[in-house]
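Here is the structure we will look at, set down as structure tokens.
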Amino acid sequence: MKFAKTILAFSLAAAMAAALPARAGDDDGFAPGGTAIDHHTQQFSNLKIVMDLKAENPASVGFGATVASRILQHPGAKLVVIIEGPGIAVFAKKNYLDHQGIVDNWVDLAKKGVRIEYCGNSVRGAGLKPADMAGLSTKNPAIVNAGAYPTLAHYESQGYNPVVTTLLEK
């Protein structure tokens, strides 16, 4: 009988120990600050954003389109995107077939009213000219500007809030 009680006690202790990690994970008091508040569906109205997209490669250009699309989901959002860096070559007309899916995402954004500007310094740095760049939309054509930083400052002076977008790669 004593042996049965020992086994029963041991079995109960083992069962309780096995359940502890699950209980600790479910307990708000276990994590610092408890549980995060869920606002991931919150909408903001009338955002005015100038996005500085530092594009290193086609993946970062595609990531920028994803971020821009998410910004446009907010009602009344106004968005200007300044694209700079070596990834600017994605928008060269001669590279369209190589990057058609990415460029077409930007075409859709331009059609939705996103103002897209290419950094003139990056265009020249890639060995391109303004005439080499895709316009994206006839009603809202992309612009080759005088440079990213003066253009960003201009939009900030117009009340746009700056956002810097950079793809973090491993």
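The values are calculated or read from the model by the stated rules, or taken from the named source; none is laboratory data. This one's a predicted model, so the numbers in the text were calculated from it and none came from an experiment. A quick note on method: Cβ atoms are made from the backbone with ideal geometry, for glycine too, and the neighbour counts reach across all protein chains shown. What goes into the accessible areas is simple: the full protein's heavy atoms, side chains included, and nothing from ligands, DNA or RNA. Shrake-Rupley method; radii C 1.70, N 1.55, O 1.52, S 1.80 Å.
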| task | Rounded to whole Hz and in sequence order, give me ³J(HN,Hα) for the stretch 129-136 from the Karplus expression 6.51 cos²θ - 1.76 cosθ + 1.60, θ = phi - 60°, writing x for Gly and Pro. | result | 10, x, 5, 7, 8, 5, x, 6
| Normalised per residue, the volume of the convex hull around the Cα set of the stretch 65-170 (Å³) | 117
| field | Farthest positive-ward along the stretch 49-170 dipole, Cα basis, beta-carbon charges - from Asn161, Asn140, Thr66 | value | Asn140
| message | Just to verify a number: FRET efficiency for Arg124 and Lys48, C-beta to C-beta distance, R0 = 22 Å, to 0.05? | response | 0.15
| note | Expressed in nanometres to one decimal, the distance between label points 7 Å along Cα→Cβ at Ser69 and Ala146 is 3.5
| query | In the stretch 25-91, what percent of the accessible surface is made up of carbon and sulfur (1.4 Å probe, ligands and nucleic acids excluded)? | reply | 56
| Using the per-residue mean of other Cβ atoms lying within 10 Å as a proxy for protection, in what order, highest first, do the peptides 46-53, 106-113 fall? | 46-53, 106-113
| Whole-Å semi-axes of the ellipsoid equivalent to the stretch 52-105 (Cα gyration tensor, √5λ, descending) | 21, 12, 9
| note | Extension length gain for Lys139 and Glu156 (0.36 nm per residue less Cα distance), in nm, is 3.7 nm
